[in-house]
Amino acid sequence: MNRRNRVVCWLGLDSIKTDIFEKLLLLAPIMVWFSYYPRLDFGSSDTMYFKLTVPLVYVLVLSIIGIPRIWRGRSELMRQPAVWLVASFIVWQGISLLWTPNVLRGVLTFGISGMLGLVFVACLALVTRIKKLLPALAKLYIVTALIMACLAIAQFILGIWLSRQDTLLCAGCVADQFGFVRPNVFAIEPQFFGSMLLVPMLILVHASMSKQQSWRVWLSLGFLSTVLVLTLSRGAIFAFLAGVVVLIAVHYRQSKRIMASVATIVVGGVMALALQGTAAVMNGKYDQTFGEAVAKSLNQLSLGLIDVRQVGGRDAPESIYDAVEYPIAVQESDSEKPAYDGYVAESTDIRVNLSRLALDAWRETPFRMLAGVGLGGAGVAMAESAGHNDRREIVQNEYVEVLLERGIIGLALFLTMLGGIMYVTRRQKWVWGILAAFMVQWAFFSGYPSALHIYLTLILFVIYCYDQRSLATRS
């Protein structure tokens, strides 16, 4: 048996015939990791940057190929409440283009949401066939997560000596900031790389809590936990912990397995702190001890609540422009200390202030409150409300951005879709752990381009739990 056949058998695909749409769908666990690198840049306007990434092209191709499947199953699909709910949200976004102050951004955003909608409906049209692919998709996602985690470790180590251009590190990821690197691999920032780790990690947590598992599961969970903490992204880490709490509640009868899973995660976190301390010592550019590096990491992760730094140490700077974790220019310094020595409060304050500014813009008129400023118009509306010229700014909170751009109507539709996902997955409540993780993380960022993995994952979990008896399917 050759290598290809062994892989096919391991994935359980040897007895499954797949068409082109299904073959492409099997590439999803690979494509989602390349959310920022490689990319094509097409310049910018005063309200947005124009970039084309691998996942965007992938979703476009998948949606186009799915159209014939939708057409063949249109009669049955038209009777599905899920189709009408998703269509209502997308149509409402399209209607809001009539009053958006940023038409181009709105049209592009509408196009992405429309593509995702087509992918969902195409999967629903082939629900029985797609269900058979889900075990293979889960295995592929876990394997690719482990591969990317290995690349993250390489980036974490090489970033000590090589430039950020050579290692693809974002400006806020370099050792200049905390004394050790924060890996982002092929994502725009550590938060999105950490976000992509959530699903495979929570699948492993569910597996470890639900039944006896081999050493490979425990080792994989511990390794991914280490890499997640290395990102130092509180949005991704808090989201993971929220998912774990839900899974503990779901598997509450399995106390021994729960304790073993939690212990594995804790050990992974401790290993990450040890690596951060070691990397800080290895970096000869800065005068920093192992303990200082670990202390500042704990201080940052705990929002300043855990402070074991030495008394009399250097105070943290008053601000961090990299709070939103997007690539920015890092100022060079001759200091022998990294730029930050603990929790940087403004990394939280900026997000809170952006949400406050968005809500102020939303409250300006009754029409805005009901219907929003229009799809893609958040940056323009916030700039006009605050009286500044930064029209590219985003809200950094998905719920608030939906409210500002699509109004109460749009937010109600968005929350109804989340409620629909909870209803569809009610017989597989462990999926709620993944949904909870994404719901927490939506409070830390907004938008589609860097987060397509979230929507593709939710589509597949809805298919995983969808009642086949309610839909006559065609091949």
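The values are calculated or read from the model by the stated rules, or taken from the named source; none is laboratory data. Predicted model, so just to flag it, every value in this text is computed and none were measured. Neighbour counts run over all protein chains shown; Cβ positions are idealised from the backbone, glycine included. The protein model used for the area step is the full one, side chains on, heavy atoms only, and it has no ligands, DNA or RNA in it. Shrake-Rupley method; radii C 1.70, N 1.55, O 1.52, S 1.80 Å.
Worth a mention:
- Check on residue 106, open to solvent by less than 10 Å² (accessible area, probe 1.4 Å), on the phi > 0 side of the Ramachandran plot and either of a type outside the set (Ser, Thr, Tyr) or touching a His at 6+ places or on another chain (Cβ under 7 Å) (or both): no
- Of the residues making up the stretch 261-270, those that are over 12 Å from residue 204 (Cβ atoms) and among the small types (Gly, Ala, Ser) are 263, 269.
- Hey, residue 321 out of contact with any Phe, Trp or Tyr (no Cβ under 6 Å at 6 or more places or on another chain), open to solvent by less than 50 Å² (accessible area, probe 1.4 Å) and modelled with pLDDT under 90 or not: no
- Yes/no for residue 345 being of a type in the set (A, V, I, L, M, F, W, C) and at pLDDT below 95: yes
- From 16, 112, residue being part of a helix (DSSP H, G or I) and either modelled with pLDDT under 95 or touching a helix residue (DSSP H, G or I) at 6+ places or on another chain (Cβ under 9 Å) (or both): 112
- Residues satisfying the stated conditions in the stretch 232-241, i.e. aliphatic (A, V, I, L, M) and under 14 Å from the mean Cα position of the chain (by Cα): 236, 237, 239
- Residues that are under 22 Å from residue 358 (Cα atoms) and among the aliphatic types (A, V, I, L, M) were ranked within the stretch 408-425; the one that is surrounded by the fewest Cβ atoms within 10 Å (Cβ to Cβ) is 415.
- Residue 90 falls short on exactly one of the conditions (1) within 24 Å of residue 370 (Cα to Cα); (2) open to solvent by 40 Å² or more (accessible area, probe 1.4 Å), and that condition is (2).
- Total residues in the stretch 368-407 satisfying the condition of being part of a helix (DSSP H, G or I), surrounded by fewer than 21 Cβ atoms within 10 Å (Cβ to Cβ) and in contact with a Gly (Cβ under 8 Å, 6 or more places away or on another chain): the figure is 3.
- Qualifying positions in the stretch 162-180 - of a type outside the set (Asp, Glu), open to solvent by 50 Å² or more (accessible area, probe 1.4 Å) and either in contact (Cβ under 8 Å) with a residue 40 or more places away in the chain or assigned to a helix (DSSP H, G or I) (or both): 164, 165, 168
- So residue 78, is it closer than 21 Å to residue 460 by Cα and open to solvent by 70 Å² or more (accessible area, probe 1.4 Å): yes
- Failed item, numbered, when residue 465 is tested on (1) modelled with pLDDT of 95 or more; (2) closer than 17 Å to residue 199 by Cβ; (3) surrounded by fewer than 19 Cβ atoms within 10 Å (Cβ to Cβ): (1)
- Only listed residue being under 27 Å from the mean Cα position of the chain (by Cα), part of a helix (DSSP H, G or I) and more than 16 Å from residue 181 (Cα to Cα), chosen from 249, 272, 293, 279: 249
- Qualifying residue in the stretch 204-224 (condition: within 23 Å of the chain's Cα centre (by Cα), aromatic (Phe, Trp, Tyr) and within 26 Å of residue 342 (Cβ to Cβ)): no
- Checking each residue in the stretch 247-263 for being touching a residue at least 40 places away in the same chain (Cβ under 8 Å) and surrounded by fewer than 22 Cβ atoms within 10 Å (Cβ to Cβ) picks out 250, 251, 254, 257, 258, 260.
- Summed over the stretch 426-446, residues that are touching a Leu at 6+ places or on another chain (Cβ under 8 Å), open to solvent by 20 Å² or more (accessible area, probe 1.4 Å) and part of a helix (DSSP H, G or I) total 1.
- Identity of the residue in the stretch 93-102, in contact (Cβ under 8 Å) with a residue 12 or more places away in the chain and over 27 Å from the mean Cα position of the chain (by Cα), that ends up most open to solvent (accessible area, probe 1.4 Å): 98
- Any pair with Cβ under 8 angstrom, 6 or more apart, that starts in the stretch 205-230 at a residue that is modelled with pLDDT of 95 or more and open to solvent by 10 Å² or more (accessible area, probe 1.4 Å) and ends at one that is aromatic (Phe, Trp, Tyr) and not in a helix (DSSP H, G or I): 206/430
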